[in-house]
Amino acid sequence: MPDELVSVTLDGQVVQVAKGTPIIEALDQIGVHVPRFCYHPRMSAVGVCRMCLVEVSGPRGFSLQPSCYLSVAEGMEVVTTSEAVRKAQGGVIEFLLANHPLDCPVCDKGGECPLQDQAFAHGAGETRYVEEKRHYAKPIPISRLIKLDRERCIQCDRCTRFADEVAGEALLDFRGRGNAIRISTFSSVEFDSYFSGNVTQICPVGALTATPYRFKARPWDLTQSASTCGWCSFGCQVSVQASQNELTRVLGIDSDAINHSWLCDRGRFGISEVNNRDSRVLSPWLREGGARREVSWTRAVGAIAEVVKQAKARNGNASVAVIGSGRLNLEDSYAWAKLALDVIGTPLVDGLLGQGGIAATWFERAASIEQALSSRALIALNVDPKEEVPVLHLRLREAVRKGLHLIEVNSTATSLSAMAATSIQLSPDKVGELAEVVMRSVPGGEGDVVILVGGLNRAMDPAVTSGILQSLVAAMPEAKILSALGAANVHGAFLAGLSPGVLPGAGEGALPSSWRAPADSSRANYANILRAASAGEVGVLILLDCDLEEAGVAPAAIEALGERCALISLASYESATSRASAVTLPLATWSEARGSMVNGEGRMLRLGEQLEPAGLSKPGWVAASLVASDLGNDMSIFTAGDIWAELKTWGGAFAGVEPEIFNSTLDGPLLPVARWNAGGPPRALDPVATPGIASVRRQGPDFRAGAVLDPHATGTGSAPTAKVLTAGRLAAADARAGVSVEIGVAGEDEAWLVLARRVYEADARLAANPALASFVRDDRVMVSPARLARLGADDGDRVRVIGSVEIEAVVHSDASIPDWAIAVEGRTIAVMHLVDGAGWSRVRLERLNG
Amino acid sequence: MARFEGEMLGRAERLASLYPDPRSAIIPLCHLAQEQDGYVTEEAIAHIGELVGATGAEVQGTASFYDMLKFEPVGKYVIGVCTNISCMLRGGYELLDAASNTLGVPPGETTADGIFTLEEVECVAHCDKAPAVQINYRYFGPVDSDAFAELVGQLKSGELDEQVPEHGTLIRVLRDAPPPIPLEEIDAERARQDAEREARAASREV
């Protein structure tokens, strides 16, 4: 429905504005900035700060009205420059400053503070108050990440509104009344939310500050670049800010398409691990005679080329295998795909840890986030957005409030359960008929249905999810898919061709002359590669920023693997894998290299660079190029621009994508570009909504200026001549061949394991993060009351969980857990090893005596 | 004793179920907590949150707006001395000084024996009897320093027990809430009458 327009006069200018627009937004549209504090474009208006008072015509003449709270109406006249408005705004500022301390020189907000700025612009310049100001104990920690200075608070209700309305966790609220009103948590209940960092971003004064950023930098010392959060595949748009070659903070950019300016704490405070040089791999390491030594790049790359050549000579191309990860950016993934498939010529490549089948189904029918949230029904399959793609949880909450019909298909209760219209249990014995049950719960036909697919239950092989997804798609051929698969750039790895049986672009790409078609792709799958490697069939196993321990291989097994074959790892952080490797190359991590990535809706997003790569680390594509040269084929990749030029020739997803596309849009383009509606010029960011971005921009290059924005250095630009060899559609169908829903059989005393992903999981990166490491909690086992009774244990007893490994943990009874399941709230890394890879993992419980 | 238990829990649950949105019961439940413990304890706030589906921060935020809800222990008798204009003209400040001397605590504090809490209050709408004193929200006035000392004596001896219950007790007679308004029945009756009227009008036209 097109918006109904009304005609209003704003400061003498007659304009047409959509009916229902708040006056403040209409004024923003014509470039008139009204001072504001409580107004935030992504939250409901409350009109509490009174700063945005303007004169509005009414039946009894002009009166002062809050422009954020009042919507435009036909024939309305608005005046923002009159003496009355000036006086009112000046008065509000004076009242706000009555109790505000004059500690700007030591306040973190100083220099980017809306109160400071607007006091300069609209205040009197001199105070008439001689009275003592309010004093409170300060700062008080309201969580491990956030500190509160109550004296500075101007009671704008932004943080409390965020906690209640956006995050749905009202752990922060006003307390008291009048002069004594202040923000407060309750008693000893921490503001423990995955989204707590957002309150520091939207605070218009220095009342709420992020502990890791406190006293770290002044805004005018910061440089920033537009980038994309590298934690999950949602692709939140961020401004990465750094000072003196150290990341200082990350702020969410208000991207219409993606994150609406919100971030989760895992993404926001992930910079602490980038800065933690002690846990980074800083130089190439080589294992010689049992000892690990630091060596030069030349030495390490030479050693890699040597073992690859030897292995190939001994056992053929397929004796080299590459396991990638979604942590490489698109350029790195492509360079490594080319190295593996073209230069080395091995078919054993998997950059998606077995999720290739899901990704192939996804890309054929990818839905944008907007489409998913405005669909008639959204089916959530094996996904808990809050734990996997946290900001989608916020968007979903809003969409459900506006009437989205949500159908949940999960094994146990999740954060979706409270929002879902229907919850369907994903149980091992009902997988066959699941599609039918789901279909029945979709109201009114199959059109305009989107499936949100994730990897929530780690104990369920991605092949099982893939099978279910395909049966759903077979039942609803019109359905589109939004993916919440793990690791930031898995979708980019898929599209770059770092996935079994997929060509770059995942389309009908013309094969460049030298590129050997990946043969026998069914063997190329993470689980199969690992099996082959442990059987000694693989001579060289190359791991691209992939910690096997985190993926579910026990440290002892990794060491054994290291003895069976030559483990080569490319890593940013030290981990069990890097320590067991024969050669480790240091990889530039997030915000140390420019590039791009693709998120779960198939949108191409920029990754900005803010730091010099730590130590001797280099971008992944550089490493690939170096190894390739040592193998006698330089792949014609000398700059990131070369990769870019080459990707374009593949067509498919990359047809028509030019690097300049990033300059015309704040959000990147959806791939393929035909799917993308670029819309009008990028929306101007509200400088007061996220104060930190506007103020840094004032002092540095503009976001939209190519210098900061363009992720691709101009390369030699000569695209390799594309000779059409095979035009076969290798991609999707092949990758799915042989996928069936094989989940195994549970033995007498066994139960099916449910091991849900969590935001804070004890991987090597979180352990390296001083700000977040403490959020990893102890393991807990949750079972149904009946199972607990059969076990003869009491709530709180310690039990042993026996699967492919054994762990000990406290058991709890939970009525929401089905009787066929044993849910392990796995946070420590040992828990992840309970997963045995194929089908659906089973475990059994034993009570520990005493 | 802090969370609601036994009979109090029953009353609390009844209160919460009285409203279409249980959150509306936050204030009545805080009074109930105050009746139980003399002030609203943190445990009670947490329990109220559970009963009405709100977080502790929200309950605390709502409750802390109100002066009559106390979040720290107060005496058995909370004595408020008014110092607004009528009472001030008639010696409210002098009375407050005298009260402070008599009880041995400054305004805002509780006596060591935990029996009296002295407060300076804004106008309590008892101006015709200025200077006014309220004891557990029951009015006395006009009160001079001697009368105040006498009042304290009477409270201590229990002479005023009938008139002044312990702090926290708002009412001593419990009554059931009236049955909910039968909106559906009323609507149905209205619809029936409207239909009748229309039918009559139609028959007249014919």
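The values are calculated or read from the model by the stated rules, or taken from the named source; none is laboratory data. This one's a predicted model, so the numbers in the text were calculated from it and none came from an experiment. Quick reminder, even Gly has a Cβ in these numbers, built from the backbone with ideal geometry, and neighbours come from all protein chains shown. For the accessible areas, the whole protein counts, side chains as well, though only heavy atoms, and no ligand, DNA or RNA atoms are used. Shrake-Rupley method; radii C 1.70, N 1.55, O 1.52, S 1.80 Å.
Assorted remarks:
- Note on the protein assembly as shown: dipole from Cβ charges, positive end direction compared against A:Ser272, A:Pro114, A:Val166; the farthest Cα belongs to A:Ser272.
- Buried accessible area, chains B and A (both chains, 1.4 Å probe, Å² to nearest 100): 1100 Å²
- The charge dipole of region B:77-157, taken about its Cα centre with unit charges on the Cβ atoms of Lys, Arg (+1), Asp and Glu (-1) only, comes to about 220 debye.
- Angle in degrees between helix B:145-157 and the longest Cα principal axis of chain B, rounded to the nearest 10: 70 degrees
- Between B:Ala195 and B:Asp97, the simple spin-label model (points 7 angstrom out along Cα→Cβ) gives 7.7 nm.
- Antiparallel bridge percentage (DSSP; both residues within region A:751-847; nearest 5): 65 percent
- Chain A: calculated mean residue ellipticity at 222 nm from DSSP helix runs of at least 4, using -39500 (n - 2.57): -7000 deg cm²/dmol
- Each label was represented as a point 7 Å from its Cα along the Cα-to-Cβ direction; for B:Glu122 and B:Ser203 these points are 6.2 nm apart.
- Protein heavy-atom surface of the protein assembly as shown, 1.4 angstrom probe: 51% of the accessible area is carbon and sulfur, with nucleic acids and ligands not counted.
- Packing order of peptides A:143-156, A:764-777, highest average first: A:143-156, A:764-777 (average count of other Cβ atoms within 10 Å over each peptide's residues).
- Region A:386-478: trypsin sites (Lys or Arg not before Pro) in DSSP loop, at most 14 other beta carbons within 10 Å: A:Lys402
- Take each peptide in A:476-488, A:273-285, count the other Cβ atoms within 10 Å of every residue, and average; sorted highest first, the result is A:476-488, A:273-285.
- DSSP bridge pairs, region B:77-157: antiparallel proportion in percent, nearest 5: 55 percent
- Placing pseudo-labels 7 Å out from each Cα toward the beta carbon at B:Ile181 and A:Ala786 gives an inter-label distance of 4.8 nm.
- Computed over region B:77-157: relative contact order in percent, which uses C-alpha pairs under 8 Å that are six or more apart: 36 percent
- Accessible surface, per residue, of region B:6-63 when the full set of protein chains is kept, probe 1.4 Å, Å²: 39 Å²
- Rolling a 1.4 Å probe over the heavy atoms of the protein chains gives region A:787-850 an accessible area of 43 Å² per residue.
- With contributions of -39500 (n - 2.57) from each DSSP H run of at least four residues, the per-residue ellipticity at 222 nm computed over chain B stands at -14500 deg cm²/dmol.
- Its relative contact order, with pairs defined as Cα atoms under 8 Å and 6+ residues apart, puts chain B at 17 percent.
- Cα-based helix-to-principal-axis angle, B:6-17 vs chain B, degrees rounded to 10: 50 degrees
- Most positive-pole-ward Cα, A:Ala554, A:Tyr136, B:Ala147, against dipole of the protein assembly as shown from beta carbon charges: A:Ala554
- Gain in span if fully extended, A:Gln425 to A:Asp192, counting 0.36 nm per residue against the direct Cα distance: 81.0 nm
- Solvent exposure of A:Tyr334, expressed as accessible area, is near 0 Å², computed with a probe of 1.4 Å over the protein chains only.
- The order of the peptides A:404-414, B:81-91 by mean Cβ neighbours within 10 Å, most packed first, is A:404-414, B:81-91.
- Descending principal axes extents, chain A, alpha-carbon based, whole Å: 89, 70, 57
- Within chain A, A:Cys52, A:Cys68, A:Cys104, A:Cys107, A:Cys113, A:Cys153, A:Cys159, A:Cys203, A:Cys232, A:Cys264, A:Cys546, A:Cys565 have no other Cys Cβ under 4.7 Å of their Cβ and so lack a disulfide-compatible partner by this rule.
- Inter-chain Cβ neighbour count for B:51-60, averaged per residue, equals 6 (cutoff 10 Å, partner chain atoms only).
- Buried on complex formation within region A:174-203 (loss of at least 30 square angstrom of accessible surface versus the isolated chain, 1.4 Å probe, ligands and nucleic acids ignored): A:Arg175, A:Gly176, A:Arg177, A:Phe186, A:Ser187.
- Applying 1/(1 + (r/R0)^6) with R0 = 35 Å to the Cβ-Cβ distance of A:Lys133 and A:Asp3 gives a FRET efficiency near 0.15.
- For a straight C-alpha distance cut-off of 27 angstrom, the lysines reachable from B:Lys156 (same-chain residues fewer than eight places away being disregarded) are B:Lys70, B:Lys76, B:Lys129.
- Charging the Cβ of each Asp and Glu at -1 and of each Lys and Arg at +1, and nothing else, the dipole of chain B about its Cα centre rounds to 460 debye.
- Each Lys and Arg adds +1 at its Cβ and each Asp and Glu adds -1 at its Cβ; summed about the Cα centre, the protein assembly as shown shows a dipole of about 2600 debye.
- Applying 0.36 nm per residue to the separation of A:Arg365 and A:Arg531 and subtracting their alpha-carbon distance, the gain on full extension is 56.6 nm.
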